[in-house]
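Report on one structure; see the data block that follows.
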């Protein structure tokens, strides 16, 4: 007998009678979604740029390039100085990655990113710093709304990113910049 | 596991309590997490509704687990994810080793997984020549120190920054005496980056497995799971059968409560959904039972499988905070550790590492009735004739005694008189372990019964 068979068989002796699936209906907080999003993003150590859009971002990118930084852009209209590499490992020296976000979540500052826009899946994690570009009209109130709108097709990878990587594993002291990006700037368009 | 006296909870706790200032520091660090949790929970008007939905959704899933597991497997296969089933820890470890051996893996980077701790996977693989690198900062610290985790979310909570500094100086070559958390974290980042880039395979735990999509969700703050899983071409994910949720909507409910209840954050930095391997890569999911179907056979114990491993019950527990994660004789400490570990606790002591205050049940994001489960474990131990030493001899007597009104009234009257006229030094020994850190009570003038007759009768 296979282990799968044994496990499924053992489940037949479960003691609790079948319970119904609850209805998930939670009232969203819909006032000032962008303001809520900005406040949440601040609590997770990210920064929102409401004004200036892509032009302001390109200005930032150009300044970094002038300082010799390595920048890869996956956003149409933003030009970096690096292309998608052959292997994921070759991204190890990327200072800034510019990536499009699919939707933002007001209650927690998270942004859904799908791997179709990433080149290599590791791009938003391996870069030292991350720029996310977000269309303000895609901001939803909460995770319930985000769950019904996000795209995750067969074979895909997607992730909610809420701020730069962080840890408090040494004496509960918050340190921003653990293994993923050390900073996150979000540009609204 | 050891059945010797040295593994009994009270004995281990006593060792932990020897350094009083350290116990205070430990307790405060955890209480800080509890306070952050309270603020995060309090900021959502729908918090109690989310707990209720979380609880019902998990119960629904657990009572339809066979269907959801099969649905999950079928959908994984459609997404080019390979699925394995393991009845216990030994089978899990064997499967993992077979996959790694087939790909000639020399170095495995691993992100946090309490399941692989439960299966004792690291030593199994290391004995077979595979280097296992724990990549969560807290886990890496305790791995370098040769210790097990003392908490399920913050595994190195028992160590002070100076101790981490000394450890890193010794193992990673940081400056002697340096203990700044930022400096130490940056050193670990540099060290672990090299490990991610040179790993042959990655392994993660699973926070939720989505049945109707055939996808696994992994949550981290550090980004270590995603740095691992997205660099080498081989990724493995180990999950208990209890990690299944029906769909993304269900996962969203738990993603709202998990981090808020764990650390007070609105969500973890990364909540990653893997619905297939990277291009040219290979993805495996190992579904593990290891005692879970047994737990489901008991109505009360079954509810412990609603747990989403946020650690909230540890942070609030007055016993955990003041006895430390190493006193429970099980990989998972605290209230949830007792709930899922008491059955195999051969010291038969951990169900008593609890005051039954119920704080854990009130903070639990999926309403696991922890105090009820722990109380149930005491009954199970008694029924199995496994009451800890002492309790088995005097508890039946106490029971008979308290059932007799005459005997109880008479003895209470004697006790009140004794407390009034005899010196404490003479009476203290009769109170046993209870009196070790407590003063004897001040005796009231009369029994409650006499008072009631006089004033309300």
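A few comments on the model shown:
- The lone exception for residue B:5 - which of (1) surrounded by fewer than 13 Cβ atoms within 10 Å (Cβ to Cβ); (2) under 23 Å from residue B:312 (Cα atoms); (3) touching a helix residue (DSSP H, G or I) at 6+ places or on another chain (Cβ under 7 Å) it fails: (2)
- Test for residue A:179: is it without any contact (Cβ under 8 Å) to a residue 60 or more places away in the chain and surrounded by fewer than 22 Cβ atoms within 10 Å (Cβ to Cβ): no
- Helices (runs of 4 or more DSSP H) fully within region B:1-99 counting 2 or more residues that are farther than 27 Å from residue B:350 by Cα and over 19 Å from the mean Cα position of the chain (by Cα): B:20-42, B:47-62, B:65-78
- Residue B:92 without any contact (Cβ under 8 Å) to a residue 40 or more places away in the chain, more than 9 Å from chain A (Cβ to nearest Cβ), within 30 Å of residue B:293 (Cβ to Cβ) and surrounded by 15 or more Cβ atoms within 10 Å (Cβ to Cβ): no
- Region B:303-318, subset outside any loop (DSSP other than H, G, I, E, B) and in contact (Cβ under 8 Å) with a residue 60 or more places away in the chain, residue nearest to the chain's Cα centre (by Cα): B:314
- Scanning region B:160-192 for residues that are surrounded by fewer than 19 Cβ atoms within 10 Å (Cβ to Cβ), assigned to a loop (DSSP other than H, G, I, E, B) and without any contact (Cβ under 8 Å) to a residue 40 or more places away in the chain yields B:173, B:175, B:176, B:177, B:178, B:180.
- Count of region A:123-143 residues, restricted to those that are surrounded by fewer than 24 Cβ atoms within 10 Å (Cβ to Cβ) and within 8 Å of chain B (Cβ to nearest Cβ), is 1.
- Neighbours by Cβ (under 7 Å, 6+ apart or cross-chain): first from region A:144-162, more than 7 Å from chain B (Cβ to nearest Cβ); second assigned to a loop (DSSP other than H, G, I, E, B): A:145/A:28; A:150/A:102; A:151/A:102
- Matching residues in region B:73-86 - criterion: being in contact with a strand residue (DSSP E or B) (Cβ under 8 Å, 6 or more places away or on another chain) and either at positive phi or at the interface with chain A (Cβ under 7 Å from one of its Cβ atoms) (or both): B:79, B:80, B:85, B:86
- Qualifying residue in region B:262-282 (condition: more than 7 Å from chain A (Cβ to nearest Cβ), closer than 22 Å to residue B:80 by Cβ and either crowded, with 24+ Cβ neighbours inside 10 Å or out of contact with any strand residue (DSSP E or B) (no Cβ under 7 Å at 6 or more places or on another chain) (or both)): yes
- Qualifying positions in region A:1-34 - closer than 30 Å to residue A:162 by Cα and surrounded by fewer than 12 Cβ atoms within 10 Å (Cβ to Cβ): A:23, A:25, A:27, A:31, A:32
- Among residues of region A:157-169 being in contact with a strand residue (DSSP E or B) (Cβ under 6 Å, 6 or more places away or on another chain) and assigned to a loop (DSSP other than H, G, I, E, B), the one that is farthest from residue B:50 (Cα to Cα) is A:164.
- Exactly one residue out of B:300, B:241, B:286 is surrounded by fewer than 24 Cβ atoms within 10 Å (Cβ to Cβ) and in contact (Cβ under 8 Å) with a residue 12 or more places away in the chain: that is B:300.
- Test: residue A:47 is surrounded by fewer than 19 Cβ atoms within 10 Å (Cβ to Cβ), closer than 30 Å to residue A:101 by Cβ and more than 9 Å from chain B (Cβ to nearest Cβ): yes
- Residue in region A:3-15 that is out of contact with any helix residue (DSSP H, G or I) (no Cβ under 9 Å at 6 or more places or on another chain) and modelled with pLDDT under 95 present: no
- In this entry, residue B:70 is excluded by the filter for residues that are away from every other protein chain (no Cβ under 12 Å) and free of Cβ contacts under 8 Å to residues at least 40 places away in the same chain.
- Only listed residue being more than 30 Å from residue B:256 (Cα to Cα) and either facing chain B (nearest Cβ under 10 Å) or out of contact with any strand residue (DSSP E or B) (no Cβ under 8 Å at 6 or more places or on another chain) (or both), chosen from A:13, A:27, A:40: A:13
- Pairs linking a residue in region B:383-395 that is free of Cβ contacts under 8 Å to residues at least 40 places away in the same chain to a residue that is part of a helix (DSSP H, G or I), with Cβ atoms under 7 Å and 6 or more positions apart or on different chains, are B:387/B:381; B:387/B:395.
- Residue check for residue B:203: touching a helix residue (DSSP H, G or I) at 6+ places or on another chain (Cβ under 8 Å), more than 9 Å from every other protein chain (Cβ to nearest Cβ) and under 27 Å from residue B:96 (Cβ atoms): yes
- In this entry, residue B:196 passes the filter for residues that are touching a residue at least 60 places away in the same chain (Cβ under 8 Å) and facing chain A (nearest Cβ under 10 Å).
The values are calculated or read from the model by the stated rules, or taken from the named source; none is laboratory data. Just so it is clear, the model here is predicted, and its values are computed rather than measured. No Cβ is skipped: glycine too gets one built from the backbone with ideal geometry, and neighbour counts run over all protein chains shown.
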